[in-house]
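Inspection log for the structure reproduced underneath, given as structure tokens.
Please treat every number below as a calculation from the coordinates, not as lab data. Values in this document were obtained by computation on a predicted structure and should not be read as measured data. Don't worry about glycine lacking a Cβ; one is built from the backbone with ideal geometry, like all the others, and counts go over all protein chains shown.
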Amino acid sequence: METEDLKNQVKSIVEKATALKNKHIDNKNTPVNYACIFSQSKEEYEELLKVARKIGKVIQETPTGLLFHIEPLETVSGVLKLLKIRIPDPTRPELGDADFTISNFPEFEKKYLSKPGFKIMKKPDFYMIELMDSDFDVRAYFSNPPLDEQLNIK
């Protein structure tokens, strides 16, 4: 795999997650904050890491994979600077996910959390709303605060 292949894979995930998000929420102008590729095998995970290291540096090691601060990548939903490569996980058969920045999170949560496909996930330092739809092979997330803020990346 070449760096261009990886970039195109990431752009495709963001594009599909944007379509998923736009099907379910009114505000179409939510910028992408972060993207993740779900690897499906140990071999794929190692290959993705090798290529990701060429376009960015590891800024966080998580139990589910490595997070990279990558060179800015233009996507349909804005410039992307954060990319995670997720270790294989049978509960994540999709291609990946994208996380979008919501300006008024309490209002967003109140409006959408009760709707089909939306689910809240509480983490120690933040919480996020997951959006899934069986018509899509990606997931969309909305984090509060967004990951770039949590990591202080501008």
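By the helix-only formula, in which each DSSP H run with n ≥ 4 contributes -39500 (n - 2.57) and the sum is divided by residues, the chain has a 222 nm mean residue ellipticity of -9500 deg cm²/dmol. Potential lengthening of the chain between residue 134 and residue 107 amounts to 7.2 nm, from the contour at 0.36 nm per residue minus the alpha-carbon distance.
Computing volume of the Cα convex hull per residue in Å³ directly from the structure and comparing it against (1) 148; (2) 108; (3) 128 singles out (2).
Give the peptides 134-145, 58-69 in descending order of average Cβ contacts within 10 Å, highest first. Don't skip to the end; give the middle numbers.
Working: 134-145: 18.6, 58-69: 14.8.
Per-residue mean Cβ counts within 10 Å order the peptides as 134-145, 58-69.
Result for the chain in a Gaussian network model with C-alpha springs under 10 Å: among 15, 43, 109, the largest mean-square fluctuation is at 43. If you run the Gaussian network model on the chain, springs between alpha carbon atoms under 10 Å, then out of 35, 98, 19 the most flexible one is 19.
Pairing the Cα long axis of helix 3-24 with the longest principal axis of the chain, what angle in degrees results, from 0 to 90 and rounded to the nearest 10? So the helix axis and the longest Cα principal axis differ by about 10 degrees.
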